[in-house]
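J.: Pasting a structure below so you can have a look.
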Amino acid sequence: DMEVAIKVVVVGNGAVGKSSMIQRYCKGIFTRDYKKTIGVDFLERQIIVNGEDVRLMLWDTAGQEEFDAITKAYYRGAQACVLVFSTTDRDSFEAIGSWKEKVEVEVGDIPTVLVQNKIDLLDDTVIKNEEAEGLAKRLKLRFYRASVKEDLNVNEVFKYLADKYLQR
Ligand code: GDP
Ligand code: MG
């Protein structure tokens, strides 16, 4: 069988847990103060989806989310996208629509999933469940609540994307 390789971009405001998610998924670790490994553009993980070998390449930004020129290069050739906001950061939730647009402008309509991270902090939530579900519905996106810290639903997010990509 031919192996399928998918470039996945993980997008959202700073500090929502993008780098942590990539680390968790590809290395199986969670650290409170993750520092980007210099010189590494992406981490990868191989999985089997519906009997097919899939190599997911998860691209990380160096925490320069606010610079358009950098994110443009980062999106190039992306085949799937994770849009992330945080349970404890209202701005990150409000910004999802504009992140989705930025990706679309660069690479068009690619398999995309919406993730609410840090649900281990649900007691301190600043986003109502109905709001998050409403956003997912409006944007027509599959929605996952996840905790990278507790390793909740992280695998499911990427399995969904790989599956969606194979079905396209
Ligand atoms: P990025 O800027 O989007 O790449 O975010 P980081 O991955 O650097 O994470 C920002 C902070 O949030 C770090 O201190 C992480 O340890 C923390 N963090 C990431 N995911 C979770 C989570 O699921 N729960 C909690 N409580 N903290 C998290
Ligand atoms: Mg980061």
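The values are calculated or read from the model by the stated rules, or taken from the named source; none is laboratory data. Only a predicted model underlies this, so the values are computations on that prediction, with no experimental measurement involved. Please note: Cβ atoms are built from the backbone with ideal geometry, for glycine as well, and neighbour counts cover all protein chains shown. Surface areas here come from the heavy atoms of the whole protein model, side chains and all, with no ligands, DNA or RNA. Shrake-Rupley method; radii C 1.70, N 1.55, O 1.52, S 1.80 Å.
J.: Criterion first (at pLDDT below 95 and not small (Gly, Ala, Ser)) does residue 116 satisfy it?
T.: Details: at pLDDT below 95: no; not small (Gly, Ala, Ser): yes.
Judged against the criteria, residue 116 is not a match.
J.: Six or more apart or on different chains, Cβ under 8 Å: which pairs go from a residue in segment 10-38 that's closer than 17 Å to residue 114 by Cβ and open to solvent by 60 Å² or more (accessible area, probe 1.4 Å) to one that's modelled with pLDDT of 95 or more and among the acidic types (Asp, Glu)? Could you list them?
T.: Final answer for the pair search is none.
J.: Oh, and also: Pick from segment 56-97 the residues that are within 11 Å of ligand 1 (Cβ to nearest atom) and of a type in the set (D, E, K, R): which of them is modelled with the highest pLDDT?
T.: The selected residue is 89.
J.: Residues being more than 8 Å from ligand 1 (Cβ to nearest atom) and in a loop (DSSP other than H, G, I, E, B): count how many of those fall in segment 142-156.
T.: 2
J.: Now a separate question. Within segment 28-55, take every residue that is closer than 22 Å to residue 166 by Cα and within 16 Å of ligand 1 (Cβ to nearest atom) and give me the one that is modelled with the highest pLDDT.
T.: Step one: filter segment 28-55 for residues closer than 22 Å to residue 166 by Cα, giving 42-55.
After this cut, where a residue has to be within 16 Å of ligand 1 (Cβ to nearest atom) as well, the list is 42-43.
On the way: 42: 87, 43: 92.
Ranking the candidates gives 43 first.
J.: I'd like to check something: does segment 113-128 contain any residue that is away from ligand 2 (no atom under 16 Å from the Cβ), surrounded by 14 or more Cβ atoms within 10 Å (Cβ to Cβ) and more than 20 Å from residue 149 (Cα to Cα)?
T.: Within segment 113-128, not a single residue is away from ligand 2 (no atom under 16 Å from the Cβ), surrounded by 14 or more Cβ atoms within 10 Å (Cβ to Cβ) and more than 20 Å from residue 149 (Cα to Cα).
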